[in-house]
Amino acid sequence: MLSKSIISHIHSLAVRKYRTESGEFLAEGPKLVGDLAGNLHCSLLVATEEWMASNPRIKADRKETVTPQELKSASLLQNPQQVLALFRIPEDNTDVSIAEKELCLALDDVQDPGNLGTIVRLADWFGISHIFCSKGTADIYNPKAVQATMGALARVSLHYIDLQKAVDRLAGRTPVYGTFLNGKNIYTSPLQQKGLIIMGNEGKGISPAIEQAVTEKLTIPNYPEGRETSESLNVAIATAIICSEFRKRAMEL
């Protein structure tokens, strides 16, 4: 049976302050926990007897077998799915200079945890291993963001940095792509398989300070040209289109 202190600790991880203090984050559900357990340090595993019996190889510092009702009392989900786990937040020592060798994403104050989690999932699909985030970007370890990654967080690393300083360092050394309504047509622009692709805030786009370091301004044109249409695309949808076009070019080489 889970103690009140453990349940309280699990619930506290909905708040960024306590995630930072403990160095842990919460993940729920068989797929998500299974993916993360193969890549990150699991400090606590809480699951039903049936799930534990089916997954004996998953390692954790501590394991707690519970009834479905006990799991519900600990879960942050309306409908818990057999298992939840606490994982250690990994240490971060990756430098933005990696964008000189491979294609990376950067997020300039993306606020919505669902958008953030979806972008991580997209990065995983398109073989992008690193995302550099401004400090104003939503916390990837927010439970909603973690759930939205659908396990992609096991394979994509996020780095919270001073994004303006980072892009200033890269300018002139590798392409710095940015998405703007007045940019060049992405479908007819030359695209390299290295550099940094910056995606902006849901409402404001890329900030003026970071825009100054962008070397290649791109846009996704609407169709047909000149037709009255929506003001802009959702940032996650735009990320999907842009990453797809970059990887399409790689396949054509």
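Which of the listed residues, 2, 104, 77, is farthest toward the dipole's positive end in the chain, when Lys, Arg count +1 and Asp, Glu count -1 at the beta-carbon? Final value for the positive-end residue is 2. Helix 235-252 and the longest principal axis of the Cα set of the chain meet at an angle near 70°.
Accessible area of the range 46-140 with a 1.4 Å probe: how many percent of it is carbon plus sulfur?
Working: 2140 of 4910 Å².
Solvent-exposed carbon and sulfur of the range 46-140 make up 44 percent of the total.
Cross-link pairs exceeding 31 Å in C-alpha to C-alpha distance, out of 17/217; 31/248; 144/165; 63/165; 135/217; 72/204, comprise 17/217; 63/165; 72/204. Take the chain with all the other protein chains still there, run a 1.4 Å probe, and you get 52 Å² of accessible area per residue.
Candidate cross-link partners of residue 184 among the aspartates and glutamates, defined by an alpha-carbon separation under 13 Å and a same-chain spacing of 8 or more, comprise 216. Here r is the Cβ-Cβ distance between residue 57 and residue 2 and R0 is 22 Å; the resulting FRET efficiency, rounded to 0.05, is 0.45. Taken one residue at a time, the phi angles of the range 103-120 give Karplus couplings (6.51, -1.76, 1.60, θ = phi - 60°) of 7, 10, 9, 9, 10, 9, 6, 5, 9, 7, x, x, 4, 4, x, 5, 5, 4 Hz. Gly and Pro are set to x.
Between residue 20 and residue 182, the simple spin-label model (points 7 angstrom out along Cα→Cβ) gives 3.7 nm. Dipole size of the chain about its Cα centre, with +1 on Lys/Arg Cβ and -1 on Asp/Glu Cβ: approximately 300 debye, rounded to the nearest 20.
Working note: Karplus 6.51/-1.76/1.60 with θ = phi - 60° gives the range 59-72 the couplings 8, 7, 4, 9, 10, 10, 8, 9, 7, x, 5, 5, 4, 4 Hz, where Gly and Pro are set to x.
Look at the dipole of the range 1-148 built from charges on Cβ: of 52, 142, 118, the Cα furthest out on the positive end belongs to 52.
For residue 69 and residue 202, what is the calculated FRET efficiency with R₀ set at 41 Å and r taken between the beta-carbons, to the nearest 0.05? Mind dumping the intermediate values first?
Values: r = 38 Å, r/R0 = 0.94.
Calculated transfer efficiency: 0.60.
If R0 is 22 Å, the Cβ-Cβ spacing of residue 251 and residue 215 corresponds to a FRET efficiency of close to 0.35. Extending 7 Å from the Cα toward the beta-carbon at both residue 165 and residue 231 defines two label points whose distance is 3.4 nm. For the range 130-136, backbone phi angles converted through the Karplus equation (6.51, -1.76, 1.60; θ = phi - 60°) give residue-by-residue couplings of 10, 10, 9, 10, 5, 5, x Hz, Gly and Pro being listed as x.
Per-residue ellipticity at 222 nm from helix content only, as computed over the chain with -39500 (n - 2.57) for each DSSP H run of at least four residues, stands at -9500 deg cm²/dmol.
Can you tell me how much longer the chain between residue 144 and residue 102 gets when fully stretched, taken as 0.36 nm per residue apart minus their C-alpha distance, in nm with one decimal? Write down the numbers at each step before the final one.
Details: separation 42, 0.36 × 42 = 15.12 nm, distance 2.87 nm.
Answer, rounded to one decimal: 12.3 nm.
The values are calculated or read from the model by the stated rules, or taken from the named source; none is laboratory data. Bear in mind that the values here come from a model prediction, so they are computed numbers and not experimental data. Cβ atoms come from the backbone with ideal geometry, glycine included; neighbour counts cover every protein chain shown. Accessible surface areas use protein heavy atoms only, side chains included; no ligands, DNA or RNA. Shrake-Rupley method; radii C 1.70, N 1.55, O 1.52, S 1.80 Å.
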